[in-house]
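Taking it in order: structure first as structure tokens, then the write-up.
The values are calculated or read from the model by the stated rules, or taken from the named source; none is laboratory data. Everything numeric in this text was worked out from a predicted model, so none of it was measured. Here the Cβ positions follow ideal geometry from the backbone for every residue, glycine too, while neighbour counts run over all protein chains shown.
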Amino acid sequence: MELTHAKPVPAERLKEYAAIAGQEEMEELYRLGEDLRGIKVQHINSARHGGGVAEMLHSLVPLERSLGLDATWEVIQARQEFFIYTKTLHNFLQGKPNIPDLLGTKIYWDANRENASLLRNEADIVFVHDPQPAGLIEFIPPEVREKQKWLWRCHIHLSHEHEFVFGFMRSLIEKYDAAVYSSGKFMPPWSMTTAVILPYIDPLSEKNRELPEEKVKEVCCRYGLEDPGQRPLLLLVSRFDPFKGHNCALEAFKMVRKEIPCQLLMVGGTASDDPENEAIFAQLQEKAQGLEEVYLLNLPPDSHTEINAFQRAATIILQPSIKEGFGLTVCEGMWKEKPVIGGDTGGIPGQITDGYNGFLVTPGEKGIEEMARRIKYLLLNPSLAREMGRRGKKTVKERFLITRGVKDELLLFRALLGRF
Ligand code: UDP
């Protein structure tokens, strides 16, 4: 079991944030940090690496610490059968009709009970991310619980299709002091305090910081890609997961390549709380067999520089998700001034304005032709594609940087703790 007291962000780096987000934004953060100086915030999730939650926490916790909060981040540990159950639950909450095995609930509670020792009794705020560790709230002694504020952050696309699971989730989540969603669309009508906080990217992380051109070239070369200047590169970065739309990207690519030479790269990787990766990767490998211009990479979860380089090398970013809690990869692509074509679902339309900084297409199989048409349009109109990319970066700068995300969270902490 791990306990992370991450190092605060160094002063030099805070200046870099100010240079990107504006001095005023940073001043506001410092003021909020003063109001909350010394409060103990414990973040808990189910994976240290892989996926959007880990991506955000890696940047969030050091920044909160540098603003004066005593923030820590713990990760629950459990056997594979727990993660198989919670992934089924996750898929079900996102609308897949595979009812989770009720026996799994025992595995769920056992694992949450076993992880209760991670809880910091002295925490002022316990910030629990996603359904996997949500059950921890049942194992905090009442005399400790009454002194704390518990927040549940839902990062997934709640699709409201399955009342049964919602019943199970509802009785659990209503024990929290507040729930936070990535979109108002996901908010269930439960009797509790709720807030929407849009996710964010860290412009200074290894995933998003500027990279020298030679590094981008070196990474592309290392993985055998053709020079995207010669053969345009379509890129999908996502866990190999049934909702991410890999098949749609592949089919759309097959249509486009009949008319315009291009290459498709799909990069995914393992997250310790996601057991589906290998099977979906293997299915895709089979489907892509014999297609020379398709590259499938299953990379280790810390391949941030590689992904940064691919995103910078890409001509167009694809995110044809069928369900999507937010889709950090959309913002990541936009930050690198790329036009993004995404499924019109979940958190994606909050980032892409159709025809302005990218295109939205019908999610799933029905969107394949639309996606192929949009890809062709952008490949045939490179100056428009570049303009969309520039607008995408502006969108991220205005709305999706970590500085805004931390500000929203600190405002919520302040309200919950009644510190005005
Ligand atoms: N990611 C990664 N390696 C991969 C696949 C994804 O580092 O092989 C990162 C990706 O760059 C992004 C995050 O994982 O930062 C995925 O977040 P998103 O919100 O797009 O999706 P999630 O996985 O949380 O559903």
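When L57, L118 are checked against the criterion of being surrounded by 14 or more Cβ atoms within 10 Å (Cβ to Cβ), more than 16 Å from the ligand (Cβ to nearest atom), in contact (Cβ under 8 Å) with a residue 60 or more places away in the chain and more than 25 Å from G167 (Cβ to Cβ), L118 stands alone in meeting it.
Only residues that are among the aliphatic types (A, V, I, L, M) and modelled with pLDDT under 95 were counted in region 179-199, giving 2.
Yes or no: D241 within 11 Å of the ligand (Cβ to nearest atom), surrounded by fewer than 21 Cβ atoms within 10 Å (Cβ to Cβ) and in a loop (DSSP other than H, G, I, E, B)? No: the conditions fail for D241. Restricting region 205-218 to residues that are crowded, with 17+ Cβ neighbours inside 10 Å and part of a loop (DSSP other than H, G, I, E, B) leaves a set whose member that is farthest from the ligand (Cβ to nearest atom) is L211.
In region 335-347, what residues are within 17 Å of A314 (Cβ to Cβ) and either of a type in the set (S, T, N, Q) or in a loop (DSSP other than H, G, I, E, B) (or both)? Those that are within 17 Å of A314 (Cβ to Cβ) and either of a type in the set (S, T, N, Q) or in a loop (DSSP other than H, G, I, E, B) (or both): K336, E337, K338, P339. When you scan region 348-356, do you find a residue that is away from the ligand (no atom under 12 Å from the Cβ) and not in a loop (DSSP other than H, G, I, E, B), even just one? Yes, region 348-356 has at least one match. Just one of the listed residues (R386, R390, R374) is within 23 Å of the chain's Cα centre (by Cα) and at pLDDT 95 or above, namely R390.
Would you tally the residues in region 313-328 being within 11 Å of the ligand (Cβ to nearest atom) and either in a loop (DSSP other than H, G, I, E, B) or without any contact (Cβ under 8 Å) to a residue 40 or more places away in the chain (or both)? So the answer is 6.
Looking at Y223, Y176, just one residue is at pLDDT 95 or above and more than 16 Å from the ligand (Cβ to nearest atom), and that residue is Y176.
Residue-level check: of (1) surrounded by fewer than 23 Cβ atoms within 10 Å (Cβ to Cβ); (2) closer than 24 Å to D274 by Cβ, T353 misses just (2).
Kindly check whether there is at least one residue in region 142-156 that is of a type in the set (V, I, T), buried (at least 21 other Cβ atoms within 10 Å of the Cβ) and touching a strand residue (DSSP E or B) at 6+ places or on another chain (Cβ under 6 Å). No - not one qualifying residue is present in region 142-156.
Just so you know, in region 278-306 the residues that are within 27 Å of T88 (Cα to Cα) and near the ligand (Cβ under 9 Å from one of its atoms) include one that is surrounded by the fewest Cβ atoms within 10 Å (Cβ to Cβ), and it is P300. From the list K407, K393, the one residue that fits, being more than 16 Å from the ligand (Cβ to nearest atom), touching a residue at least 24 places away in the same chain (Cβ under 8 Å) and closer than 30 Å to E34 by Cβ, is K407. Within region 252-266, one or more residues are buried (at least 19 other Cβ atoms within 10 Å of the Cβ), within 16 Å of the ligand (Cβ to nearest atom) and within 19 Å of E55 (Cβ to Cβ).
Among the conditions (1) crowded, with 21+ Cβ neighbours inside 10 Å; (2) touching a Pro at 6+ places or on another chain (Cβ under 7 Å); (3) over 30 Å from N308 (Cα atoms), the only one that T88 does not satisfy is (1).
Across region 95-115, the number of residues qualifying as surrounded by 23 or more Cβ atoms within 10 Å (Cβ to Cβ), in contact (Cβ under 8 Å) with a residue 40 or more places away in the chain and in contact with a Phe, Trp or Tyr (Cβ under 6 Å, 6 or more places away or on another chain) comes to 0.
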